[in-house]
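Every read-out reported here was derived from the displayed coordinates using simple, explicitly stated rules and does not represent laboratory data. All of these numbers come straight from a predicted model, not from anything done at the bench. All Cβ positions, glycine included, derive from the backbone under ideal geometry; neighbour counts span all protein chains shown.
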């Protein structure tokens, strides 16, 4: 498909860059413009250049990147619908009957921070109307917000995979083949235009398929809760530090304080985990007031856990259980007996306590700012052999 010819003024409008700057970039070959003829592809690349300039990249670096085709992916942005933000939270609240505070909370979950909520787009408004319909149908607020969080985490992962795989298997080969930058951008845009429309129907199909699957698994799980699965399946294993964090006494707290107050506590709890985790650690999943985290570094994760618990002096206080072991990695999650053991460890921890197994304790021995307090061998449910457990505290708190 031939690239669309546009005027300089239209290129300025599409890219958000002044026409005088576009002319200079074209003269300096920062943006490829042949014989002064602007195209949709060149405008898209200019928009990418402008964004990279805001991040501190020099024009010389961007010129080199553009010549090598490393900016060509920017053209695919033209495939996404866009609209100017003209809708306010107050307008959505009046239309749907939802409280403005709830709308703001949902928008944050969807990825729109409060600082960007002044002017919402038509797409934002449509999503919020759908949320209002779901809540009006009777789904409890606590369940709804947890579901939205799962959707967001899953879709972020899907979108990340789409871009990464497109980059690895389409963009990089074109760069290696030295395809001219504008030709590369058009080719990538055409391919993306053919592929992206498949996403929505495929996602809907998979959602229905796996809903049926997990409903069936839930029923089977109840029927066979006491059975032991002896099937031997060869799956890839990894050695990983497994960590569970939950809120002690949360059910009683919810009964005493109410759903809204409890929901605020959970959201603050999960948000604090997300914002303070060591860089190498990853949140695998959140289930209600429980968070599962994995990390390749047991010591740093333990240090983080001790500091993390200090942020919650009031009830319901978190507790942490950490174990290092072999787990099966599959589809972004971790499975196996060692995962179950880590979960048993957190169930034995007290409020405000970091409880670790001996394998984790070995990694933090000799660290002056941490104190290990052995509590002896403990029999954990489902594990016939006792497990050595240790409480980890900050050194300055060891005497309290």
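The stretch 236-250 and the stretch 51-68 have Cα centres lying 42 Å from one another. For the chain, the relative contact order works out to 11 percent when only alpha carbon pairs closer than 8 Å and six or more residues apart are counted. The gain in end-to-end length when the residue 137 to residue 5 segment is fully stretched comes to 42.6 nm, 0.36 nm per residue minus the alpha carbon separation. Rounded to the nearest 5, the antiparallel percentage of DSSP beta bridges internal to the stretch 250-400 is 85%.
Grab the beta carbon distance between residue 200 and residue 267, set R0 = 30 Å, and tell me the FRET efficiency rounded to 0.05. According to the calculation, E is roughly 0.55. Would you mind telling me which residue in 323, 116, 207 has the biggest mean-square fluctuation in a Gaussian network model of the chain, where springs connect alpha carbons within a distance under 10 angstrom? Top of the fluctuation ranking is 207. When only alpha carbons are used to place a centre, the stretch 136-186 and the stretch 2-21 end up 27 Å from one another.
For the chain, the antiparallel share of DSSP beta bridges with both residues in that region comes to about 95%. Taking 0.36 nm per residue of sequence separation and removing the Cα-Cα distance, the residue 276/residue 347 pair yields an extension gain of 23.3 nm.
With R₀ set to 41 Å, the beta-carbon distance separating residue 176 from residue 115 gives a calculated FRET efficiency near 0.50.
Largest GNM mean-square fluctuation across 265, 148, 17, computed for the chain with C-alpha springs under 10 Å, falls on 17.
With neighbours defined as other Cβ atoms within 10 Å of a residue's Cβ, the residues 205, 334, 151 order from fewest to most as 205, 151, 334. Site pair residue 314 and residue 238 shows an inter-label distance of 3.8 nm when each label is modelled 7 Å from Cα along Cα→Cβ. Using a cutoff of 8 angstrom between alpha carbon atoms and counting only pairs six or more residues apart, the relative contact order for the stretch 237-397 works out to 24 percent.
Using the Cβ-Cβ distance between residue 373 and residue 61 with R0 = 60 Å, the FRET efficiency computed as 1/(1 + (r/R0)^6) comes to roughly 0.65. Residue order for 59, 380, fewest other beta carbons within 10 angstrom first, comes to 59, 380.
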